[in-house]
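Input: a single structure, listed below in structure tokens.
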């Protein structure tokens, strides 16, 4: 969790190094669910310099000399959870001026001190796709973050090879993006407006290609077109809010026409068109909610969407849509999917590696494998049991949540001060006041 | 494959049609939670004429010939949702199925829940699928006094078949959602209190005139003040939905001033004034333990139920009111979350059975399995609170009303 900067600085001075980064750490005694490969009853996880350097059964997994040991006997280790659709961070996306705003970068508006980020750490989420809302056909560029301890957004970003922040593009169809002009009034108009912009983007891309690097022949820079070209070129995955079965099929149709990569988001009617989704090879990030309805498009949503997509052979992950569901209840989404027929293995994969694949981060996160980021959670028991508590969250070898620490615990369970931006300071004042 | 609602209803009807009315039913449970004593291993409940006729360990209670027999791992009394709005609020969330809130005036105690309850609403049936057999439903939060509530069994084709207490409580709200739109009163929390006090003073005056007037000189009937008068006379409590400390304290102050029964509802910050609430003697219908920690609920805690229990405050759990997605919570899931956050299994189950029945004043016939009480049961294939367990059967007054695996 967010620590008081002074204390951190002091710790660095005293040890001469950022703890957890330089010397290896070994986590022993836990049941390890690596997601890739079989569960390990008595496992050893070794992390070094933010990455996993070894994982395997006790006895046959070497623990480096001088490693800091953590006894996790009786506990369970799972990879850090990947939330493919979240609204934490107090950001803002597109405004009311246009239905498609591909120039919008949500990451520039994130408040890294939002207590909901700390609550998400308490929920075991280590990677999240922060998305602008669904009130636009295209509301802007999303950002993939690591839930590191940070005080500014730069501390949370994941960088692509060109140094830019990694993220996707948020799109939506159905009723949320239907509004007064210039927004569309019908579904057909929604699709037409999207196609119009993608056609323009194709032309813009072609002009760039024809310029063959000659600055004289390059079209003038157009931030909106640049955003869409990244989508056309597959550098930016479209995360598409969609509920009704026909809207889902429209997304598949547009994706095929323009060749953009897409992850379906919410997918309330997935059970109706699971075969079509699977045949298109498109991934679904589903939301699991307690009852159908609340809006007409979600009237037929069911807990069995995960099972339906899994049985059809489609890639299934989950998301919180925080605040629709709370990040601290993310494990529950998978557990309820299992209640409604999804396999345990598929549901755990859906919380971790499926999400990693949807965010193009499968080489860094999602499983416990050597070389991957040391992002993991420690649970008191089985991940699908309501009685299990999330005890620890680690991001890149650094502990960001410790349920035993009163400052962190308040984010896990709530209470006075848990929802303030800079709650650690507020909490500290409370402690001081109480001690007097 | 989902079965469309009408077809589903027809299916249940066919199911019931095959049984004699008030069939004799025996339910066997590996674990029977009666909520009237310790749980019974390998227990049997016999139901006759809709009522519990006999129950105990299988070694003591034989199943007579001619009984329909159901078996389950875990059996509990039918669950009670101590506060919801389903039946008035529907799943589509469109104007035509949202009857829980009338916005034309901030104080409308004359509005009756029975005049707006839709027994065929899909969410009502949905809740029953998770073992809930009784709901306290009606006018919702969002107006200073939004109207009356009722208690119903989750069955029947229309309200008369469902209702067991047509006028249960009067619903009031203190807090942001009770503010009037576009400069209409009440615009502030202080104004809310001034308006409530004024309403009850006028109701006192009305009662005085009505009860003391000579024959022929009685004041004209006033439905508005009659309803408030029923609160003043102790015939139904005022249920005040409020989350923050100032509003919770204001509600207690109001109830003491006028001497009526109060039920605190929601009460996200109750954990900050446990002593004051316990000393007031008023019970709490606590917010859903998974409520969102936003706005007036920003200081809520998952451990609220455990804290209330430890403080000795009588409480029950509720699914509450949801304005968007999901349109309703499931009180079974909410109790489960309380059980995962410090409340014991027994106390969590009590909060949606016997404690809820006591709080609602229906414990003479509901909330526990005892001879003479209603034969309402929920059947599970494991720990009812586990995510991956299922409700596998629901019985109301001896009739199997749901056998889908949820």
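Return yes or no: is residue A:321 within 14 Å of chain B (Cβ to nearest Cβ), in a loop (DSSP other than H, G, I, E, B), on the phi > 0 side of the Ramachandran plot and touching a residue at least 12 places away in the same chain (Cβ under 8 Å)? In short, yes.
Each row is one residue, and each column tells you yes or no for (1) modelled with pLDDT under 95; (2) within 14 Å of another protein chain (Cβ to nearest Cβ); (3) within 27 Å of residue A:129 (Cβ to Cβ).
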{"position": "A:349", "(1), (2), (3)": "no, no, yes"}
{"position": "A:352", "(1), (2), (3)": "no, no, yes"}
{"position": "A:360", "(1), (2), (3)": "no, no, yes"}
{"position": "A:363", "(1), (2), (3)": "no, no, yes"}
{"position": "A:375", "(1), (2), (3)": "no, no, yes"}
{"position": "A:399", "(1), (2), (3)": "no, no, yes"}
{"position": "A:411", "(1), (2), (3)": "no, yes, yes"}
{"position": "A:430", "(1), (2), (3)": "yes, yes, no"}
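Going by the conditions given, is residue A:217 modelled with pLDDT of 95 or more, closer than 17 Å to residue A:254 by Cβ and surrounded by fewer than 16 Cβ atoms within 10 Å (Cβ to Cβ)? The answer is no for residue A:217.
The residues on offer are A:270, A:307, and the sole one that is in a helix (DSSP H, G or I), without any contact (Cβ under 8 Å) to a residue 60 or more places away in the chain, within 13 Å of another protein chain (Cβ to nearest Cβ) and under 30 Å from residue B:92 (Cα atoms) is A:307.
If the condition is being in contact with a strand residue (DSSP E or B) (Cβ under 8 Å, 6 or more places away or on another chain), within 14 Å of chain B (Cβ to nearest Cβ) and in a helix (DSSP H, G or I), then the range A:119-166 contributes A:120, A:122. Number of residues in the range B:83-121 that are more than 12 Å from chain A (Cβ to nearest Cβ) and in contact (Cβ under 8 Å) with a residue 60 or more places away in the chain: the value is 11. Going by the structure shown, is residue B:146 more than 19 Å from residue B:404 (Cβ to Cβ) and surrounded by fewer than 20 Cβ atoms within 10 Å (Cβ to Cβ)? The answer is no for residue B:146.
Among the residues making up the range A:285-304, a single one is within 14 Å of residue A:273 (Cβ to Cβ), within 11 Å of chain B (Cβ to nearest Cβ) and crowded, with 24+ Cβ neighbours inside 10 Å: A:301.
Candidates in the range B:279-291 are the residues that are under 19 Å from residue A:415 (Cβ atoms) and out of contact with any strand residue (DSSP E or B) (no Cβ under 6 Å at 6 or more places or on another chain); of these, the one that is surrounded by the fewest Cβ atoms within 10 Å (Cβ to Cβ) is B:290. In the range B:50-68, is there at least one residue being farther than 19 Å from residue B:371 by Cα and over 20 Å from the mean Cα position of the chain (by Cα)? Checked the range B:50-68: at least one residue is farther than 19 Å from residue B:371 by Cα and over 20 Å from the mean Cα position of the chain (by Cα). When the residues of the range A:336-347 are filtered to those that are surrounded by fewer than 24 Cβ atoms within 10 Å (Cβ to Cβ) and in contact with a helix residue (DSSP H, G or I) (Cβ under 7 Å, 6 or more places away or on another chain), which remaining residue is farthest from the other protein chains (Cβ to nearest Cβ)? Step by step, filter the range A:336-347, then rank; the result is A:346.
Out of B:335, B:268, B:348, B:304, one residue alone is within 12 Å of chain A (Cβ to nearest Cβ), under 18 Å from the mean Cα position of the chain (by Cα) and free of Cβ contacts under 8 Å to residues at least 40 places away in the same chain. It is B:268.
A single member of B:145, B:132 is over 25 Å from residue B:106 (Cα atoms) and modelled with pLDDT of 95 or more, and it is B:132. Being outside any loop (DSSP other than H, G, I, E, B) and either surrounded by 23 or more Cβ atoms within 10 Å (Cβ to Cβ) or on the phi > 0 side of the Ramachandran plot (or both) is the filter here; which residues of the range A:395-407 pass it? Of everything in the range A:395-407, those that are outside any loop (DSSP other than H, G, I, E, B) and either surrounded by 23 or more Cβ atoms within 10 Å (Cβ to Cβ) or on the phi > 0 side of the Ramachandran plot (or both) turn out to be A:395, A:400, A:401. Might you let me know whether the range A:51-71 holds any residue that is on the phi > 0 side of the Ramachandran plot and crowded, with 21+ Cβ neighbours inside 10 Å? No - not one qualifying residue is present in the range A:51-71. Does residue B:314 count as out of contact with any strand residue (DSSP E or B) (no Cβ under 7 Å at 6 or more places or on another chain) and within 10 Å of another protein chain (Cβ to nearest Cβ)? Answer is no for this residue. Looking at A:195, A:178, just one residue is in a loop (DSSP other than H, G, I, E, B) and within 30 Å of residue A:134 (Cβ to Cβ), and that residue is A:178. Note on the range A:41-64: residues that are more than 26 Å from the chain's Cα centre (by Cα) and assigned to a strand (DSSP E or B) amount to 6. Can you tell me which residue within the range B:164-175, out of those that are touching a helix residue (DSSP H, G or I) at 6+ places or on another chain (Cβ under 6 Å) and more than 15 Å from residue B:100 (Cα to Cα), is surrounded by the most Cβ atoms within 10 Å (Cβ to Cβ)? My answer is B:174.
The values are calculated or read from the model by the stated rules, or taken from the named source; none is laboratory data. Just so it is clear, the model here is predicted, and its values are computed rather than measured. So basically every Cβ, Gly included, is an ideal-geometry build from the backbone, and we count neighbours across all protein chains shown.
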